Each structure stands twice: as C-alpha cells, then as structure tokens.
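To keep things clear, I will list the structure first and then write my remarks on it.
The values are calculated or read from the model by the stated rules, or taken from the named source; none is laboratory data. Remember, it's a predicted structure, so these values are computed and weren't measured experimentally. Because the Cβ atoms are built from the backbone with ideal geometry, glycine has one as well, and the counts that use them run over all protein chains shown. What goes into the accessible areas is simple: the full protein's heavy atoms, side chains included, and nothing from ligands, DNA or RNA. Shrake-Rupley method; radii C 1.70, N 1.55, O 1.52, S 1.80 Å.
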Amino acid sequence: MNVKVVESEKELEDAFSVRRTVFIDEQNVPPEEEIDTLEEEATHFVAYDEGSPIAAGRLRVVGGYGKIERICVLQEARKTGTGKALMNKIETYALENGIDNFKLNAQTQAIPFYSRLGYEVASEEFLDAGIPHRTMIKHV
C-alpha cells in the first residue's frame, strides 16, 4: 500500500473516485454535497494498493486546526490498516507544515476508529448529509 499527497489531476480523480464510491454510492450523500467548493483549497491524499486507489481524504487549515475531511476507504480495503495509514500520512504532512492541532467531523459509527488514533469527542451529535456525526479533536 502506498499513501501519498495528490500531485496530479489523475491522482485527484482517483481520490474523487473513492469518495464517490463510498459517500455517494454506499451512503447516498448527494453528489453536490460530496464534491464541494472547498476542493481547491484542500490538500488531497490518496492510497493505492497495487496501483488501484483504495482510500482518500483531504486536509484544510480552518481556525488554527488541521481539519481532516472526507476520510474514506473502499469496502474491500477496510479493516486492513488502510484507514490508519491514511490518517498517519495526513497527520505527518500537517505536522511537517506546522499544524499540530487536528479536528474532524466523524460519522458516529467511526468514533471508535478515531478514538484509537487519539481523537476525543468535542461536540454533541449533529447531522451532516443526513448522517449522524460528532466533532473530534486531537492535540499533538
């Protein structure tokens, strides 16, 4: 597995492809909510397994936090360490760029995953794209 910072249009399209599969096809998020107006200001990440994209995410700086967004792993690659590798790459990139506080909006079913990575719940439950979420934070 290779997790990398997106550096080309093809890699960005690979990241969007994973996001469409997970969020739009599996979770019924409306396409206009998934690919949004913030794509250009974000740093994107994509994970490959033998050349095929299997996971994606993005990072933006918002209010002094590295805001980690759109974390997704294709169904066949879940529970293989791919999500953890993706998060480690994003956090390492952020730390190398002077960001040491992180925030994300976790789907409630993913809270245990993020908790194992050191994130703590920091909000009440709310809906995003019709899916229950809670904000989580981490200070390094």
Open item on the list: I need the full set of residues from the range 94-110 which are open to solvent by 20 Å² or more (accessible area, probe 1.4 Å), touching a residue at least 12 places away in the same chain (Cβ under 8 Å) and within 17 Å of Gly64 (Cβ to Cβ), in order please.
Closed with: Leu95, Ile99, Asp100, Asn101, Lys103, Asn105
Task: Scope the range 129-140; condition in a strand (DSSP E or B), under 25 Å from Thr92 (Cβ atoms) and not hydroxyl-bearing (Ser, Thr, Tyr); matching residues - done: His133, Arg134, Met136, Ile137, Lys138, His139
- [ ] Could you please let me know if Glu91 is modelled with pLDDT of 95 or more and either over 16 Å from the mean Cα position of the chain (by Cα) or among the polar types (S, T, N, Q) (or both)?
- [x] no
Open item on the list: Among (1) farther than 19 Å from Leu127 by Cβ; (2) surrounded by 14 or more Cβ atoms within 10 Å (Cβ to Cβ), there is one condition Glu76 misses while meeting the rest; what is its number?
Closed with: (2)
- [ ] For residues that are among the aliphatic types (A, V, I, L, M), under 24 Å from Leu127 (Cβ atoms) and open to solvent by 30 Å² or more (accessible area, probe 1.4 Å), tally how many sit in the range 2-55.
- [x] 3
- [ ] Only residues that are farther than 16 Å from Lys79 by Cβ, out of contact with any Phe, Trp or Tyr (no Cβ under 8 Å at 6 or more places or on another chain) and surrounded by 14 or more Cβ atoms within 10 Å (Cβ to Cβ): list them for the range 116-131, please.
- [x] Gly118, Val121, Ile131
